[in-house]
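A short worksheet on the structure shown next.
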Amino acid sequence: MGQDRTAVLVDFGGVITSSVLQAFTDFGASLGGDPRLPLELLRRDQPSRALLSDHECGRIDAEGFERGFAERLRVHGAVVEAEGLTARMQAGMSIDRDTLALLGDLRAAGHPVALVSNSFGTGTYDAIDLATVADVVVISAEVGIRKPSRRIYAIACERLGVDPEEAVMIDDLQQNLDGAARIGIGGVLHTSAADTRRQLAERFGISV
């Protein structure tokens, strides 16, 4: 296998929390039209994609994203208020206590943990004390780079003091794992805390 994997990088939304995609779909359903509309715009509508990229990289704040995305939703027939839009989009998300327990077990066993998250909205991380979850916190808007850019993973490894070949990334989106793999970081596609715990043990020898 080569170099031992000892450090863990972990996503926030969809890993430490319940599914972001489900929350955005639930929000879409609340608008009364196609529940897939918000996600489809963020995936395929170029102006919406640019807004998200600019927000995640810290070039526009939450209010700027909300104004722009509310307009994109209105163009596609959904009438929404811009103020508080990101909070409403994330209202269906909850903290996954099983994942928090896994991260606690990893750190107790001597595996350093870095949170690597693309920022979205305001107050996203307020539900937990990030310092109790991870040794290092790398938020895209704070460093001006978002996943899946290889540089954000390199920053996390540098802050942990490990080589990328010593790290595993846990994320619920394959494209983010693909970005990490470009600099040698192993990947675990997260669907549940129990499955991630199993994958860490079976694939990387990280048993906790």
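Tabulated data for the structure shown
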read-out: Difference of contour (0.36 nm per residue) and Cα-Cα distance, T122 to R97; value: 6.8 nm
read-out: Dimensionless Rg/Rh of the chain - Kirkwood Rh, Rg from C-alpha atoms; value: 0.99
read-out: Karplus-derived HN-Hα couplings along segment 39-55 (A = 6.51, B = -1.76, C = 1.60, θ = phi - 60°), whole Hz, x at Gly and Pro; value: 5, 5, 5, 5, 8, 10, 8, 4, x, 5, 4, 5, 4, 5, 4, 4, 6
read-out: Simple label model, 7 Å out from Cα along Cβ direction - E202 to R159, nm; value: 3.2 nm
read-out: Segment 20-89 - convex hull of the alpha-carbon atoms, volume per residue in Å³; value: 75 Å³
read-out: Residue among P148, P164, P35 with the largest mean-square fluctuation in a Gaussian network model of the chain, springs linking Cα atoms under 10 Å; value: P35
read-out: Over segment 119-189: Rg over Rh, Cα atoms, Kirkwood Rh; value: 0.96
read-out: Candidates R74, R197, R59: whichever shows maximal mean-square fluctuation once the chain is modelled as a Gaussian network with Cα springs under 10 Å; value: R74
read-out: Ranked H111, H190, H76, criterion: other C-beta atoms within 10 Å, fewest first; value: H76, H111, H190
read-out: For segment 77-93, Karplus couplings with θ = phi - 60° (6.51, -1.76, 1.60), whole Hz, Gly/Pro x; value: x, 9, 8, 9, 7, 6, 5, x, 4, 5, 5, 5, 5, 9, 4, x, 8
read-out: Gain in span if fully extended, A109 to A50, counting 0.36 nm per residue against the direct Cα distance; value: 17.2 nm
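We did not get these values from a lab; they are worked out from the coordinates using the rules stated. Model, not experiment: these values are computed from the prediction. Methodologically, a virtual Cβ is constructed for each residue, glycine included, from the backbone with ideal geometry; neighbour enumeration extends over all protein chains shown.
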